[in-house]
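Participant: What follows is a structure written as structure tokens; I'll ask about it next.
The values are calculated or read from the model by the stated rules, or taken from the named source; none is laboratory data. Note that the coordinates shown come from a computational prediction; the quantities given were computed from them, not determined experimentally. Cβ placement follows ideal geometry from the backbone for every residue including glycine, while neighbour counts extend to all protein chains displayed. SASA here: full protein model, heavy atoms, side chains in, ligands and nucleic acids out. Shrake-Rupley method; radii C 1.70, N 1.55, O 1.52, S 1.80 Å.
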2 protein chains.
Amino acid sequence: MRFKCECSYDGTSYNGFQRQKNAPSIQEEIEKALEKVLGSFVKITASGRTDSGVHAVGQVFHFDTDLKISENGLKRAINSYLPSDIHINSVEKVSDDFHARFDATKKEYHYFINFGEYDPIKRNYVYQYPYKKVNRDLIYEASRLFIGTIDFRSFTKNQSLDNTIRTIYSIDFKWDNDLLEIAIIGNGFMQNMVRIMVAMWLEVGRGKIATSDLKDIIEKRNRTLAPKTAPGCGLYLYKVYYE
Amino acid sequence: MRFKCECSYDGTSYNGFQRQKNAPSIQEEIEKALEKVLGSFVKITASGRTDSGVHAVGQVFHFDTDLKISENGLKRAINSYLPSDIHINSVEKVSDDFHARFDATKKEYHYFINFGEYDPIKRNYVYQYPYKKVNRDLIYEASRLFIGTIDFRSFTKNQSLDNTIRTIYSIDFKWDNDLLEIAIIGNGFMQNMVRIMVAMWLEVGRGKIATSDLKDIIEKRNRTLAPKTAPGCGLYLYKVYYE
């Protein structure tokens, strides 16, 4: 029996989603809780990794078990063993050929930036942008270059990939006073891709580079031209889409 | 020279604002930072205490120093020594007779309640209400009883006070899906007063007591009749008003 789970987590205390030796991970915590519920170790398969400090409100994973248990019973049982910074939002029985990673058609990330006074309450939950003189229109304008099917080679940490072409369907800005929430939906994202893009839009907003320079950086497909990465704490895996 | 400071803090790691032996406090952290800036210990005087786990976005305190330093220089210097969960928002030279506590005419508190699915990212920042069947209109209706000049004896932990009459000017509700933000402005609040009131409104919303029962509880002026206290993590000292 295959189960699909949607979960939320505060990434602050973890070295990312993926299980690692000698570093806390969200995957390890979920697998430990699951082992207590099911009585034996079961590996989970997520839609993808998230980096150190990155949060999720809608990460999806699947796992298999023979245990006869209701969806709600399973949800309650896993949550009772999880630490308070990880939570299973929903559990759903799915067909055996469902795959959390391969079947994901779109992903939505949100990135939060505080352009105002440093907020100690949000220190782990938004990027506290240190530069106050920023042209908000230029940030938006820069982001427009990234909608469509584009070779994002300049915007990923993982340079060993053969195919660095991805499609971004939408990039929406929502301002709440000095707080900017950027929602990005695409068919796939490479490592650090959102954080590098956001960092480079901010460089445009600060007047460090022109929008036309950023266009060149895309076209030159060379990561060394986009050397900035916005911090992980501002990033949220918001939703994973399936057909 | 007297300085008035407004500060924000994440109360999660502290045993409240007030300095105590053997327990971390916000006051101690600010006085430690101030001592590094000024070269000698200076006591600060705040508008009032906040309890363990309670946050602030606009706490106010004052202190005196002979050091010749600009407001902005002082702000930057203190912030450079503060931990990342406490921040000075503004520093202002004031007249020698300004008093952060005695001159405060009104205070504004906000209380956040999540009535939806448990949110691990907000676990220290809102009250995650565990009961799902709640009548939202009844909560609002119950809160209406508390606007005006009232003897709040049933709603404070501190029963040694002679005068428990306070005035609440407004109680505003703002819903964002399952998240409720309550803004309360009054001329003064006693220990745990907001948290006891909120807890009792929720009892009405859950159908545990009727609005008329709550009216009786106010009139009977007896804390044992209002035994609930909503958690500190949902509470924010939002603003302190001066003439």
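Participant: Working carefully through the options B:Ile196, B:Ile168, find the one that is without any contact (Cβ under 8 Å) to a residue 24 or more places away in the chain and outside any loop (DSSP other than H, G, I, E, B).
Facilitator: Testing whether each residue is without any contact (Cβ under 8 Å) to a residue 24 or more places away in the chain and outside any loop (DSSP other than H, G, I, E, B) leaves just B:Ile168.
Participant: How many residues are closer than 22 Å to B:Arg144 by Cβ, open to solvent by less than 70 Å² (accessible area, probe 1.4 Å) and assigned to a loop (DSSP other than H, G, I, E, B) when one looks only at segment B:218-238?
Facilitator: Qualifying residue count, segment B:218-238: 4.
Participant: Pick out the one residue from B:Arg153, B:Arg144, B:Arg206 that is within 30 Å of A:His87 (Cβ to Cβ) and away from chain A (no Cβ under 14 Å).
Facilitator: Result: B:Arg206 is the single residue among B:Arg153, B:Arg144, B:Arg206 that is within 30 Å of A:His87 (Cβ to Cβ) and away from chain A (no Cβ under 14 Å).
Participant: Could you list all residues from segment A:95-122 that are in contact with a Pro (Cβ under 9 Å, 6 or more places away or on another chain) and either away from chain B (no Cβ under 14 Å) or open to solvent by 40 Å² or more (accessible area, probe 1.4 Å) (or both)?
Facilitator: The answer is A:Tyr118, and nothing else.
The rows are residues; the columns are (1) in contact with a helix residue (DSSP H, G or I) (Cβ under 8 Å, 6 or more places away or on another chain); (2) not aromatic (Phe, Trp, Tyr).
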{"site": "B:Glu6", "(1), (2)": "no, yes"}
{"site": "B:Tyr9", "(1), (2)": "yes, no"}
{"site": "B:Asn15", "(1), (2)": "no, yes"}
{"site": "B:Glu28", "(1), (2)": "no, yes"}
{"site": "B:Leu34", "(1), (2)": "yes, yes"}
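Participant: Could I ask something else about it? Could you check B:Leu34 against (1) surrounded by fewer than 19 Cβ atoms within 10 Å (Cβ to Cβ); (2) among the aliphatic types (A, V, I, L, M); (3) part of a helix (DSSP H, G or I) and say which number it fails?
Facilitator: (1)
Participant: Those residues that are more than 23 Å from B:Ile196 (Cβ to Cβ) and free of Cβ contacts under 8 Å to residues at least 60 places away in the same chain, I need them from segment B:39-65; list them, please. Break it down stepwise before answering.
Facilitator: Step one: of segment B:39-65, the residues more than 23 Å from B:Ile196 (Cβ to Cβ) are B:39-45, B:60-65.
Passing the criteria: B:Gly39, B:Ser40, B:Phe41, B:Val42, B:Lys43, B:Ile44, B:Thr45, B:Phe61.
Participant: Yes or no: segment B:73-94 includes at least one residue that is within 17 Å of the chain's Cα centre (by Cα), away from chain A (no Cβ under 14 Å) and not in a loop (DSSP other than H, G, I, E, B).
Facilitator: Looking for residues that are within 17 Å of the chain's Cα centre (by Cα), away from chain A (no Cβ under 14 Å) and not in a loop (DSSP other than H, G, I, E, B), one finds none in segment B:73-94, hence no.
Participant: Say we look at segment A:39-52 and pick out the residues that are more than 14 Å from chain B (Cβ to nearest Cβ) and in contact with a helix residue (DSSP H, G or I) (Cβ under 8 Å, 6 or more places away or on another chain); which of these is surrounded by the most Cβ atoms within 10 Å (Cβ to Cβ)?
Facilitator: Among those residues, the one meeting the criterion is A:Ala46.
Participant: Please indicate, with yes or no, whether at least one residue in segment A:16-38 is within 16 Å of the chain's Cα centre (by Cα), more than 14 Å from chain B (Cβ to nearest Cβ) and touching a residue at least 60 places away in the same chain (Cβ under 8 Å).
Facilitator: No, because not a single residue in segment A:16-38 is within 16 Å of the chain's Cα centre (by Cα), more than 14 Å from chain B (Cβ to nearest Cβ) and touching a residue at least 60 places away in the same chain (Cβ under 8 Å).
Participant: If I go through segment B:123-141 residue by residue, how many of them are among the hydrophobic types (A, V, I, L, M, F, W, C) and within 14 Å of chain A (Cβ to nearest Cβ)?
Facilitator: Of segment B:123-141, the ones among the hydrophobic types (A, V, I, L, M, F, W, C) are B:126, B:134, B:138-139.
So of that shortlist, the ones also within 14 Å of chain A (Cβ to nearest Cβ) come out as B:126.
Residues that pass the stated criteria total 1.
Participant: Only residues that are within 23 Å of A:Ala183 (Cβ to Cβ) and either within 14 Å of chain B (Cβ to nearest Cβ) or open to solvent by 20 Å² or more (accessible area, probe 1.4 Å) (or both): list them for segment A:53-72, please.
Facilitator: Within segment A:53-72, A:Gly53, A:Val54, A:His55, A:Ala56, A:Val57, A:Gly58, A:Gln59 qualify.
Participant: Can you confirm whether A:Leu202 is modelled with pLDDT of 95 or more, surrounded by 13 or more Cβ atoms within 10 Å (Cβ to Cβ) and assigned to a strand (DSSP E or B)?
Facilitator: No: the conditions fail for A:Leu202.
Participant: With the structure loaded, tell me whether B:Met197 is more than 21 Å from B:Asn15 (Cβ to Cβ) and open to solvent by less than 20 Å² (accessible area, probe 1.4 Å) or whether it fails that test.
Facilitator: Spelling it out, B:Met197 is indeed more than 21 Å from B:Asn15 (Cβ to Cβ) and open to solvent by less than 20 Å² (accessible area, probe 1.4 Å).
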